[in-house]
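What follows is a set of notes on a single structure, which appears directly below.
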Amino acid sequence: METQVILNAQHFDLTLQRLARQLIENHNDFSNTVLIGLQPRGVRVLDRVKSLIEHILNTEVQCGTLDITFYRDDFRRREKPPIPSVTNIDFSLENKNVVLIDDVLYTGRTIRSGLDAMLAFGRPQQVELLTFIDRRFKRHLPIQADYIGKAVDTLVSERVTVEWKESEGNDQVILYTPNDNG
């Protein structure tokens with residue numbers, strides 16, 4: 001497997017800062033906006049973006065985390081059942097502006113599951129999608145991000161991984177490409 005760093009630590013940080021500033025530009029003081037991170041890896045993006053926004057605005061932003069395990073359309077197709085994560089939304093989404101956050105947008109199925117799961121907490125006024133990496137060419141569903149950290153054109157055989165210094169030791173995005181000599 002060949003690897004290529006798509007975003008190094010410096011560009012990683014700049015991308016997060018840009019996303020936070022775009023959200024501030026569109027949502028002002030966040031008085032009617034909540035950020036929801038999709039478990040597990042969207043929560044990492046959420047934590048960083050939330051921290052940046054709160055630092056810039058010097059105010060607290062209402063956030064939550066959403067487990068979509070039982071809303072996935074492939075839930076029963078897996079040999080080994082997934083271990084559910086934790087949903088932590090202790091407020092209503094009724095008439096709120098919601099920004100769903102995930103690390104990689106690929107087929108769109110995870111986001112669709114997130115939209116379904118989110119409705120258990122109320123009917124939002126508006127829903128937007130923020131994704132750190134957008135793999136553009138393999139959508140199964142007509143889902144498009146409103147805020148994109150980096151768009152990456154990949155083949156189906158390739159894999160994109162977002163690594164975080166908190167868990168993998170380094171902030172970076174890596175593209176994995178299978179070797180052709182197989």
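The values are calculated or read from the model by the stated rules, or taken from the named source; none is laboratory data. These numbers come from a predicted model, not from an experiment. Quick reminder, even Gly has a Cβ in these numbers, built from the backbone with ideal geometry, and neighbours come from all protein chains shown.
Look through T131, T154 and report the one residue that is under 17 Å from the mean Cα position of the chain (by Cα), β-branched (V, I, T) and crowded, with 16+ Cβ neighbours inside 10 Å.
Numbers: T154 fails: under 17 Å from the mean Cα position of the chain (by Cα).
It is T131.
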query: Quick check: anything in region 25-32 more than 15 Å from the chain's Cα centre (by Cα) and under 29 Å from F70 (Cα atoms)?
result: yes
- line: When every residue in region 16-54 that is in contact with a Cys (Cβ under 7 Å, 6 or more places away or on another chain) and surrounded by fewer than 23 Cβ atoms within 10 Å (Cβ to Cβ) is compared, the one farthest from K165 (Cα to Cα) is V34
- prompt: So E2 clears everything in (1) free of Cβ contacts under 8 Å to residues at least 40 places away in the same chain; (2) more than 16 Å from the chain's Cα centre (by Cα); (3) within 24 Å of I174 (Cβ to Cβ) except one condition, right? Which one?
  reply: (1)
Yes/no for V152 being modelled with pLDDT of 95 or more, in contact with a strand residue (DSSP E or B) (Cβ under 7 Å, 6 or more places away or on another chain), among the aliphatic types (A, V, I, L, M) and within 19 Å of N26 (Cβ to Cβ): no
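Would you mind finding the one in R44, R123 that is in a helix (DSSP H, G or I) and modelled with pLDDT of 95 or more?
Answer to the check: R44.
This table checks each residue for (1) acidic (D, E); (2) more than 17 Å from G37 (Cβ to Cβ); (3) touching a helix residue (DSSP H, G or I) at 6+ places or on another chain (Cβ under 7 Å).
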{"site": "R123", "(1), (2), (3)": "no, yes, no"}
{"site": "E128", "(1), (2), (3)": "yes, no, no"}
{"site": "T131", "(1), (2), (3)": "no, no, no"}
{"site": "A145", "(1), (2), (3)": "no, no, no"}
- request: Would you please name the residue that is farthest from I53 (Cα to Cα), looking only at residues in region 1-22 that are of a type in the set (A, V, I, L, M) and in contact with a Leu (Cβ under 7 Å, 6 or more places away or on another chain)?
  value: I6
- line: Across (1) surrounded by 21 or more Cβ atoms within 10 Å (Cβ to Cβ); (2) assigned to a strand (DSSP E or B), G114 clears everything bar (2)
- request: Evaluate region 95-111: report whether one residue or more is farther than 20 Å from I143 by Cα, β-branched (V, I, T) and at pLDDT 95 or above.
  value: no
- request: For residues that are out of contact with any strand residue (DSSP E or B) (no Cβ under 8 Å at 6 or more places or on another chain) and in a loop (DSSP other than H, G, I, E, B), tally how many sit in region 89-111.
  value: 5
message: Condition (residue is of a type in the set (S, T, Y) and either closer than 20 Å to D47 by Cβ or without any contact (Cβ under 8 Å) to a residue 40 or more places away in the chain (or both)) applied to region 136-154: is it met by at least one residue?
response: yes
